[in-house]
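Input: a single structure, listed below in structure tokens.
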Amino acid sequence: MTNKTSESKEQSPSPCIRNCCLDSQDICIGCLRSIDEIVGWSGKSEDEKQQILNRCKIREQQRRQAKTMKGI
């Protein structure tokens, strides 16, 4: 009998939305990943991908807060 738990886990798809342009901090304005996170995505483990996605969520919140503070 084999453990199917790890095999049945779906892989995180790339968060790329084809709006690729780096901001002044080298973060993509489309997916909110750094250039290193983008380039290394396919070689990352599932745990590493989840960590990247969590950082993207934090970046999104920070951008929203910055826009709110600027009155945009």
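None of the figures in this text is laboratory data; all of them are computed from the coordinates on show. Bear in mind the structure is a predicted one, so any value in this text is a computation, not a measurement.
Below is a table of values for the structure above.
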| item | result |
| --- | --- |
| Proximal lysine pairs, the chain, alpha carbons under 25 Å, eight or more residues apart or interchain | 9 |
| Kirkwood hydrodynamic radius over Cα pairs of the stretch 18-70, then Stokes diffusion coefficient at 10 °C and 1.306 mPa s, in µm²/s | 136 |
